[in-house]
Ligand code: G3P
């Protein structure tokens, strides 16, 4: 499973990237706002740091303007994945970008039908938003499962990029189902290393070690 980091915070990306944990990065307009940085400048910095796909999102709503914006974003670096929303115009732009050989991440996917039509439009990645479905008492993980079955039935090459990940359980459930990629905030990825029994066990080991009076170095 590939790990993408869902942030435009370059310090957080660098910390995980130095550990070899970053296979790619996803950004969106809200994350650019949070970073307080210029989109072109911060995206370039991320692309220079990370060798995998870096998603940068268009903000136009009509295909023609989306294509203009996407072409500008694609010039930032060869590892840009142009991100478009799952609308009819977004799919039109997706097809155009894919035909030009660009990677495309189709975002804001909330149904299996949307995922199927995005694959038909040549999406490199489909981004189903798990957390936002859970927020309205629907089952985000069921959507990942449905898309997996559909893509496997017809051997679609579009990668399932589980997004809107809010918890460690989201990541392990998506991995069990067979999502190709997760994108998660840095704090959720770091939380994967934590377990209360690890903390408890370590405290006991350290207490017992003190009692031996020994030193290793
Ligand atoms: O990758 C999509 C993500 O940024 C949205 O997450 O938590 O705002 O639903 P969230």
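Values in this text are rule-based calculations from the coordinates and carry no lab data. Note that the coordinates shown come from a computational prediction; the quantities given were computed from them, not determined experimentally. Positions of Cβ are backbone-derived with ideal geometry, glycine not excepted, and every protein chain shown enters the neighbour counts.
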Seminar exercise, completed: Mean separation of Cα contacts under 8 Å (at least 6 apart) over the residue count of region 1-84, i.e. the relative contact order in percent, is 27 percent
Exercise. Arranged by the count of other C-beta atoms within 10 angstrom, fewest first, what order do 171, 216 take?
Worked result: 216, 171
Seminar exercise, completed: One checks the Cα atoms of the chain and finds Rg and Dmax, in Å, of 19.7, 72
Problem set entry | Extension gain from residue 155 to residue 11, taking 0.36 nm per residue of separation minus the Cα-Cα distance | 48.1 nm
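With an 8 Å cut-off on Cα pairs and a minimum separation of 6 or more residues, tell me the relative contact order of region 136-217 in percent.
Values: 54 pairs, mean separation 20.6, N = 82.
Worked out over region 136-217, it gives 25 percent.
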Problem set entry | Fewest-first ranking of 108, 161, using other Cβ atoms within 10 Å as the exposure measure | 108, 161
For this session: Using a 10 angstrom cutoff on alpha carbons, build the Gaussian network for the chain and name the most mobile of 165, 126, 76.
Result: 76
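Using Cα pairs under 8 angstrom and six or more residues apart, how large is the relative contact order of the chain, in percent? Don't skip to the answer; put the middle values down first.
On the way: 378 pairs, mean separation 35.6, N = 217.
Relative contact order comes out at 16 percent.
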Exercise. With labels modelled as points extended 7 Å from the Cα through the Cβ direction, what inter-label distance (nm, one decimal) is found for residue 79 paired with residue 195?
Worked result: 3.1 nm
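Pull out the extension gain between residue 38 and residue 208, defined as 0.36 nm times the separation in residues minus the alpha carbon to alpha carbon distance; nm, one decimal. Before the final figure, lay out each step's value.
Working: separation 170, 0.36 × 170 = 61.20 nm, distance 5.25 nm.
This chain segment gains 56.0 nm when fully extended.
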Problem set entry | Angle between the chain longest axis and helix 39-49 axis [Cα atoms, degrees, rounded to 10] | 50 degrees
Problem set entry | Sorted peptide list for 186-198, 28-40, criterion being average Cβ within 10 angstrom, highest first | 28-40, 186-198
